[in-house]
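Here is the structure we will look at.
Nothing in this text is a laboratory measurement; each read-out follows from the coordinates by a stated rule. Everything numeric here is computed off the predicted structure, so don't read it as measured data. Positions of Cβ are backbone-derived with ideal geometry, glycine not excepted, and every protein chain shown enters the neighbour counts.
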Amino acid sequence: MKIHEYQARALLAGADIPVPDGDMVTSVDDAVAAAERLLADAPPVIVVKAQVHAGGRGKAGFVKVVRTVDEVREAAEFMLGNRMISPQTPPDGLEVDRLLVAEGVDIDREIYLAITTDRTRRTNTVIASAEGGVEIEQVAAERPEAIHKVPLHPLDGLCPYQARDLAFTLGLKGKQVRQFVALALNLAQLFVETDASLAEINPLVVTPATDEHPDGQVIAIDAKFNFDDNAMFRQQAIAELFDPTEEDPDELRAREFGLSFVALDGTIGCLVNGAGLAMSTMDIIKLHGGDPANFLDVGGDASQEAVTEAFRIILGEDSVKGVLVNIFGGIMQCDRIARAIVAAAEEVGFEVPLIVRLEGTNVDAARAVLEEASSRLPTMRTAMDLGDAAKQVCAAVA
């Protein structure tokens, strides 16, 4: 589960991690009111940011650094009146209905700081770089030596000495070190307490020296959090931050029926039981020259209602020119799923080729069910194995 930047900032502030003051707004008038409040404290600039679950906002023109109320109004009118298009959005972009109007800060240097799960090491890991404010993937590819990783102890988490060592490695000095250590320890605790899978601050900035802060301040000015969906039953406060308007409607609809669905860009719809089998199915479709239109796992014990809804979701995309059903009957008996497929296909109505491959428990009975229904479902064909199924469906949509 993802959350917006303004929500991530609130989590950081609640964990005693310094963030600039700001307000989430949904209208131009509210943006102006927020700017007037912030400008009363005379910050150097105001930052207006679109709140969407996609990167590339700055290059798309949906992050504006401004100095006056009139400039805030102009920025808010543009962002709320246009769809944001970036390399990380769909081709038609994303609608923007929330903005973050925040206090800007002077920046002396930028740092990247994140915590995520390192599946190779099987531990949560702090990732940091002195080259913050840019795409960390680019830094990792071009200068891997600039990326520093610190594994967290499974019980003790991030230790103070590790945070201090990392601060020195990043080139922090004086009181900056103490600020960074406190911030990093608080972030590590927040990561565990919220069942996060990613907690990213980019950039973490050091402000210029002032009379009040001769070594500057270490402040988080942008943040991103992802959370483990499987832990939401015990994270009610986090679950309430979920924004359904940022999700694919078909994925939300699938979730209501216990289906795991991800839309893709191909022409061959997939209905499979089991995540691993679904991945293999997409791979073999690609091997035979086709392009999967989705990942769809109906699970190990799908009902007729769920299978019917799965077909509706798949066929709801105009790009789908054929459908491949690949079921291995273990817990789910093949004859049961065959009857569900036939009933669902008859209810939904098929005009595109439907290729069905079944294997496992009661497969002979299942094939008999499909054979008996073949006259009523003229676009349906059966396959003896997955390779045959992939060849048939790829040929059918070619």
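Pairs of Lys residues in the chain are counted when their Cα atoms are under 25 angstrom apart and they lie 8 or more places apart or on different chains; the count is 16. Across the chain, the relative contact order, built from alpha-carbon pairs under 8 Å that are at least six residues apart, equals 12 percent.
Using 0.36 nm times the number of residues separating residue 319 and residue 33, minus their current alpha carbon distance, what extension gain do you get?
Values: separation 286, 0.36 × 286 = 102.96 nm, distance 4.48 nm.
My answer for the length gained is 98.5 nm.
Estimate the FRET efficiency between residue 255 and residue 88 by the formula 1/(1 + (r/R0)^6), using the beta-carbon distance for r and 25 Å for R0, to the nearest 0.05. Write out the running numbers ahead of the final one.
On the way: r = 22 Å, r/R0 = 0.88.
Calculated value: 0.70.
Listed values for region 79-95 are Karplus-derived 3J(HN,Hα) couplings in whole Hz (6.51 cos²θ - 1.76 cosθ + 1.60, θ = phi - 60°), namely 5, 7, x, 9, 8, 7, 10, 9, x, 9, 10, x, x, 8, x, 10, 6, and x replaces Gly and Pro.
Sort 85, 268 by Cβ crowding within 10 Å, fewest neighbours at the top. Mind dumping the intermediate values first?
Working: 85 17, 268 30.
Ascending number of Cβ neighbours within 10 Å: 85, 268.
I want to verify a result. In a Gaussian network model of the chain, Cα cutoff 10 Å, which of these has the top mean-square fluctuation: 366, 102, 40? Maximum among the listed residues: 40.
Taking 47, 348, 19 as the candidate residues, the one with maximal mean-square fluctuation in a Gaussian network model of the chain, Cα springs under 10 Å, is 348. Comparing mean-square fluctuations of 79, 384, 282 from a GNM of the chain with C-alpha springs under 10 Å, the top value falls on 384. Helical content of the chain, expressed as a calculated mean residue ellipticity at 222 nm, amounts to -11500 deg cm²/dmol (DSSP H runs of 4 or more residues, -39,500 (n - 2.57) each, divided by residue number, nearest 500).
The 3J(HN,Hα) values that the Karplus relation (6.51, -1.76, 1.60; θ = phi - 60°) gives for region 271-282 are, in residue order, 10, 9, 10, x, 5, x, 5, 5, 5, 5, 4, 5 Hz. Gly and Pro appear as x. A cut-off of 5 Å between modelled amide H atoms, ignoring neighbours fewer than 5 places along the same chain, links residue 197 with 226, 227, 228.
Only sites in a loop by DSSP and with at most 10 other Cβ atoms within 10 Å count here; which trypsin sites (Lys or Arg not before Pro) in region 108-137 make the cut? Walk me through the intermediate numbers first.
Working: sites: 109, 119, 121, 122; in loops: 119, 121, 122.
Loop-located and lightly packed - 119, 122.
For a quick check: sort 394, 270 by the number of other beta carbons within 10 angstrom, fewest at the front.
394, 270
PRE reach from residue 275 (point 7 Å along Cα→Cβ): which of region 227-265 fall under 19 Å by backbone N? From region 227-265, the list is 227-235, 248, 251-264. Between 0 and 90 degrees, the angle of helix 334-348 with respect to the longest Cα principal axis of the chain falls at about 80 degrees. Entry note: region 335-398 has Rg to Rh equal to 0.95, where both radii use alpha-carbon atoms and Rh is the Kirkwood radius.
Of the labelled figures [x] -0.21, -0.73, -0.88; [y] -0.34, -0.90, -0.99; [z] -0.25, -0.88, -1.05, only one reflects log10 I(q)/I(0) by the Debye sum over Cα atoms at q = 0.06, 0.11, 0.12 Å⁻¹ as derived from the coordinates, namely [y].
All other residues whose Cβ lies under 15 angstrom from that of residue 200 are scored, Lys and Arg at +1 and Asp and Glu at -1, for a net of -2. Computing FRET efficiency as 1/(1 + (r/R0)^6) for residue 67 and residue 232, where r is the C-beta to C-beta distance and R0 is 45 Å, gives about 0.65.
Kindly identify region 249-397 as rounded, prolate or oblate by the Cα gyration tensor criterion: order the square roots of the eigenvalues as a ≥ b ≥ c, call it rounded if a/c is under 1.5, otherwise compare a/b with b/c, prolate if a/b is larger, else oblate. Don't skip to the end; give the middle numbers.
On the way: a/c = 1.26, a/b = 1.11, b/c = 1.14.
Rounded shape, in that the Cα axes give a/c under 1.5.
Here the Karplus relation 6.51 cos²θ - 1.76 cosθ + 1.60, evaluated at θ = phi - 60°, turns the backbone of region 366-380 into coupling constants of 5, 5, 5, 4, 5, 4, 5, 8, 4, 5, 8, 10, x, 8, 8 Hz, with x for every Gly and Pro.
Based on Cα contacts under 8 Å between residues 6+ apart, region 109-239 shows a relative contact order of 25 percent.
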